[in-house]
Amino acid sequence: MADDECASTLLNADNIEKLVQTYTTTFVKETMNDFHAHFISKLGRECNQCTTEEILHSTCPNNVCHEIRDAIQKHHRTRSPAWNNTNAEWWCTYYWQVVKCFLPENIHFANVKSAEETSLFGLLHIIYNCTQFNINQKELNDIWQLLSSISEEEDPKLFSMSKYEIDEYIDCLQSFLETITPVEKHDIIANQISDEHARNQIFQICKDCFKKKP
């Protein structure tokens, strides 16, 4: 495959991925904010005294934190939340501390403070792991396929992919984007994806990247 053709394909994927990142960030924020607000409101009380380690092995004296713990576990698809990512003292007041239980368990995601700071790799894990998202089995399979194409370090493995694999990746990104957005926005998304001006700008950046590679 010629460098120019490869560059165009690569950065077309990169362009769409950035679009997916933007929409996914909003989707995760809105869904998880509502999820958090709902069960905090249902409890009708708050607590900021229990540490994560304490609440994993005991009940909350204010009858709050163990209820949140159980809700997190109940809504985790594999029933194995990333407890080491989170600080239970903030569960009642800061929704993102709850969200981090649905991320992969490691020091990087433990230190992430918002959806905006989270990579697409992390955002997809939240959607995959949390049953609060209304995702069917086919869509779960699509998300898993996307995860297999994105590295944890936030960069897609595009430079190691064939053109066929990149095209498949683009199709997955477009399909996922339609899954998480209302039908009435699909035309807007299609226009954004086909924005030739944006693609031309990205194409030039990609050519520069190729020149820098050994």
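Descriptive notes on the structure:
- Residues (closer than 18 Å to T25 by Cβ, among the hydroxyl-bearing types (S, T, Y) and out of contact with any Asp or Glu (no Cβ under 9 Å at 6 or more places or on another chain)) located in the range 119-150: Y128
- Selection count, the range 101-116, where residues are under 15 Å from T24 (Cβ atoms) and either part of a helix (DSSP H, G or I) or of a type in the set (S, T, N, Q) (or both): 2
- Residues of the range 63-101 satisfying the condition of being polar (S, T, N, Q) and in contact with a Lys or Arg (Cβ under 9 Å, 6 or more places away or on another chain): N63, Q73, N85, T86, N87
- Residue list for the range 61-94, restricted to those being surrounded by 18 or more Cβ atoms within 10 Å (Cβ to Cβ) and hydroxyl-bearing (S, T, Y): T86
- The residue that is farthest from S175 (Cα to Cα), counting only those in the range 124-141 that are in a loop (DSSP other than H, G, I, E, B) and free of Cβ contacts under 8 Å to residues at least 40 places away in the same chain, is N134.
- Single residue of the range 1-48 satisfying the filter (assigned to a loop (DSSP other than H, G, I, E, B) and at pLDDT below 65) that is farthest from E165 (Cα to Cα): A2
- Any hit, the range 37-54, residues being touching a helix residue (DSSP H, G or I) at 6+ places or on another chain (Cβ under 9 Å), loosely packed, with under 13 Cβ neighbours inside 10 Å, of a type in the set (G, A, S) and touching a residue at least 40 places away in the same chain (Cβ under 8 Å): yes
Listed here are the residues, each with its yes/no results for (1) modelled with pLDDT under 95; (2) more than 16 Å from the chain's Cα centre (by Cα); (3) not in a helix (DSSP H, G or I).
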| site | (1), (2), (3) |
| --- | --- |
| D70 | no, yes, no |
| N84 | no, yes, no |
| W96 | no, no, no |
| V99 | no, no, no |
| G122 | yes, no, no |
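The values are calculated or read from the model by the stated rules, or taken from the named source; none is laboratory data. If you're wondering where the values come from, they're calculated on a predicted model, not measured in any experiment. Here Cβ is always computed from backbone atoms with ideal geometry, including for glycine, and neighbour counts include all displayed protein chains.
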